[in-house]
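Chemist: Sharing a structure with you now.
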Amino acid sequence: MRNEIRSKITRPPIFSGRKFANLCSGKSASGRKKKFWFCIFVFVFITGYITTANAQNWSSVSCGTYHTIARKTDGTLWAWGYNWNGQLGLGDTTDRNTPTKVGTDTNWASVSCGAQHTLAIKTDGTLWAWGYNWNGQLGLGDTTERNTPTKVGTETNWSSVSCGVYHTLARKTDGTLWAWGANGDGQLGLGDTTDRYTPTKVGTDTNWSSVSCGVWHTIARKTDGTLWAWGANGNGQLGLGDNTSRNTPTQVTQVILSVNPTSLSFGEIVKGQSKTLSFTLTNTGGGTLTGNLTANQPWISVSPTSFSLGADEDKTISVTVSPTRDLSDKVTYTGTVSITSNGGNATVSISVIPTCAICYPEPISLSSSKELTFWGNGVPYGTIRIYTLTGELVKELRETEGKDRITYDLTNEDGQKIIRGIYLYTASNPKEPKGNRGKFTVVK
């Protein structure tokens, strides 16, 4: 009997009414009690199974602050959650904790929830609203709340709708955009900060393709692929390169910084001499671009060190190289300019590398915690060997990650700190097996 029951539980359909009644009956009182609890379990299992099976036809959903509205594939609308302002559309202000059907209509096409209000469109192109209405966000010409779906106007060409906290934007099939509700930050895009109680046309354009409302701002897209923004902008949410609010649609254009040229060739420079080259920064996008310029060596100076460029503006940047020590070989210097970040703020990095290894700082103090760094494009994948003046190898350093530098902690092969004095070094890599050489001084 137990095996028979288990097999019936695990394969739907579960039981017919008669089989279920027979299964839950028992001759003795104790038997009936045990079977009673078992059948309660089976009933819950069956109910859960049926509920799950029937809950696979949800089509779309939208969430407000504390309420949820969802549509099924059969065109019905369902609501649950907070309902103090009638935002569930169920004819009352009682909260629901399970999906509850909104009316009997089966032609709902889309829905959007605001903080405490709801807008929905039917397949016939009509627009319906309910819930909180203090700022006229329902578009019904007043500030009275509704707890059942109420038709907005008489138009039958509404295509899509989006709700902000207390404002609403909707698009018609003719490509026009309409706004109503709260407008304290210009989120309606109507050129002012006055609330509207009925749908009001945004400009004269007829090529709007989609719209989305934030808390106090709005973003919309046109059929030509351009993006437009308006409303509150305290956190840069409009994407316009600043924190200034807008009350009319303003195009969002990408801020792009270009550099010309991107490489600098300074040629040979010796200690006591310097050479200056320049490059141009241009903001080829929109908005305002600000940033800083940094150099990778202490013997490089950059002027200016910061910039602010409006759309299509450019600025000339000067880079001066002044070697701080003599090298035993003739050395040329090459530089690159790179943008390490972009957007409303950018950092432009200038890197100048000598054709041989050059160490910094020179001299270096044993009492400092600094490391000696060998720079140069002769270093990547190469080897630095450090010697005493008598030719004894002190330490061998290898770079295996392709970097343009090798650091030295002033220790010998046994890990002991070296003594003060003058040391020689050679730098080589597979492309330059002979490499180059130089010297550095260690002081107390």
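The values are calculated or read from the model by the stated rules, or taken from the named source; none is laboratory data. Since the structure is predicted, the reported quantities are computational estimates derived from the model, not experimental observations. Here the Cβ positions follow ideal geometry from the backbone for every residue, glycine too, while neighbour counts run over all protein chains shown.
Chemist: Can you tell me which residues in the stretch 111-124 are farther than 13 Å from ALA79 by Cα and either among the small types (Gly, Ala, Ser) or free of Cβ contacts under 8 Å to residues at least 12 places away in the same chain (or both)?
Modeler: Scanning the stretch 111-124 gives GLY114, ALA115.
Chemist: Take THR118 and decide whether it is modelled with pLDDT of 95 or more and surrounded by 24 or more Cβ atoms within 10 Å (Cβ to Cβ).
Modeler: Working: modelled with pLDDT of 95 or more: yes; surrounded by 24 or more Cβ atoms within 10 Å (Cβ to Cβ): yes.
Considered against the rule, which asks whether it is modelled with pLDDT of 95 or more and surrounded by 24 or more Cβ atoms within 10 Å (Cβ to Cβ), THR118 comes out as yes.
Chemist: On the basis of being within 30 Å of ASP195 (Cβ to Cβ), in contact with a Gly (Cβ under 6 Å, 6 or more places away or on another chain) and of a type outside the set (A, V, I, L, M, F, W, C), does THR248 make the cut?
Modeler: Working: within 30 Å of ASP195 (Cβ to Cβ): yes; in contact with a Gly (Cβ under 6 Å, 6 or more places away or on another chain): yes; of a type outside the set (A, V, I, L, M, F, W, C): yes.
Answer is yes for this residue.
Chemist: Filter the stretch 333-367 for residues that are modelled with pLDDT of 80 or more and among the polar types (S, T, N, Q); which is farthest from PRO298 (Cα to Cα)?
Modeler: Out of the qualifying residues, it is SER367.
Chemist: THR244 fails exactly one of the following numbered conditions: (1) loosely packed, with under 14 Cβ neighbours inside 10 Å; (2) farther than 30 Å from ASP205 by Cβ. What is the number of that condition?
Modeler: In the conditions (1) loosely packed, with under 14 Cβ neighbours inside 10 Å; (2) farther than 30 Å from ASP205 by Cβ, THR244 misses (2) alone.
Chemist: Next question. Would you be able to say whether some residue in the stretch 164-185 is surrounded by 24 or more Cβ atoms within 10 Å (Cβ to Cβ), among the hydroxyl-bearing types (Ser, Thr, Tyr) and not in a loop (DSSP other than H, G, I, E, B)?
Modeler: Yes, the conditions are met somewhere in the stretch 164-185.
Chemist: Residues of the stretch 399-419 being in a loop (DSSP other than H, G, I, E, B) and modelled with pLDDT under 90, which ones? Can you show your working first?
Modeler: Of all residues in the stretch 399-419, those in a loop (DSSP other than H, G, I, E, B) come to 399-404, 409-410, 412-416, 418-419.
GLU399, THR400, GLU401, GLY402, LYS403, ASP404, listed by residue number.
Chemist: Does ALA229 satisfy being surrounded by 15 or more Cβ atoms within 10 Å (Cβ to Cβ), in contact with a Ser or Thr (Cβ under 7 Å, 6 or more places away or on another chain) and in contact (Cβ under 8 Å) with a residue 24 or more places away in the chain? Step through it out loud before you land on a result.
Modeler: Details: surrounded by 15 or more Cβ atoms within 10 Å (Cβ to Cβ): yes; in contact with a Ser or Thr (Cβ under 7 Å, 6 or more places away or on another chain): yes; in contact (Cβ under 8 Å) with a residue 24 or more places away in the chain: no.
Here the answer is no, as ALA229 does not meet what is asked.
Chemist: Could you tell me how many of the residues in the stretch 382-398 are out of contact with any Lys or Arg (no Cβ under 6 Å at 6 or more places or on another chain) and assigned to a strand (DSSP E or B)?
Modeler: We begin by selecting, within the stretch 382-398, every residue out of contact with any Lys or Arg (no Cβ under 6 Å at 6 or more places or on another chain); these are 382, 384-385, 387-395, 397-398.
Checking the rest, the ones that are also assigned to a strand (DSSP E or B) come to 384-385, 387, 393-395, 397-398.
Residues flagged as out of contact with any Lys or Arg (no Cβ under 6 Å at 6 or more places or on another chain) and assigned to a strand (DSSP E or B) within the stretch 382-398 amount to 8.
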